[in-house]
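The structure appears right after this line, and notes come after that.
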Amino acid sequence: MIKFITSLLSLAIVMVQMSSVKAAEVEVKWTNPDKYTDIKAGEGHRKKFQEQTFKTLEEHFAKMAKMLPEQQKLLLDVTNLDLAGDVNYGIKRIRIVKDIFTPRMKFSYQLLNADNTVAESEEVSLNDMGFLMHNNLKYRSESLKYEKKMLDDWFRKTFANNVKSNEKK
């Protein structure tokens, strides 16, 4: 019985080590965020909302980069952001999400190889006009769910040939 338990523990340790595959690095630069179309807080402090928005999107970019080979590096320079919805300035500021207030994002990216040569680069302008029609079950209880879905779609299309084949999407 002790041999069996020891074998199971050894197998579990090996499985954990195998599953901790390193991801590609990602760096996100937010250029002139004061000029972005819409990163206004519905409720709360504008600067804190902006910081949280950037942090959330950086974490999402890092999550997507896990699907790229570890020797690669993804550099992003975000030049504009327009969150889904619009902030209504009535008695209480709230973000109203309607299909006419689509999520949009402009950025450039470079995908670098291990030797820092550019594998791919492009100026990107995303706009998800059908964002309310998508099945957003994956992110339904998360903030920036429409933006995350839009970025997922872009990432899947753009890096289809680079994504690690052993990674689940």
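Any number yet on Rg/Rh for the range 22-158, C-alpha, Kirkwood? It would help to have the intermediate numbers written out before the result.
Working: Rg = 15.6 Å, Rh = 15.8 Å.
Here Rg/Rh amounts to 0.99.
Modelled label positions at Lys55 and Leu132, each set 7 Å beyond Cα in the direction of Cβ, lie 3.1 nm from each other. Close amide-amide hydrogen proximity is noted between Ile94 and Asn88, each under 5 Å apart and 5 or more residues distant or on a separate chain (H modeled in the peptide plane; Pro and chain starts excluded).
Each residue, Lys66 and Lys92, gets one label point 7 Å from its Cα in the Cβ direction; the gap between the two is 3.6 nm. Full extension of the chain between Ala160 and Glu123 yields a length gain of 11.6 nm, computed as 0.36 nm times the residue separation minus the alpha carbon distance. Within the range 22-158, antiparallel bridges make up roughly 75 percent of the DSSP beta bridges whose residues both belong there.
Each value in this text was obtained by applying a stated rule to the coordinates, not by laboratory testing. Since the structure is predicted, the reported quantities are computational estimates derived from the model, not experimental observations. Note that we place each Cβ from the backbone using ideal geometry, even for glycine, and neighbour counts take in every protein chain shown.
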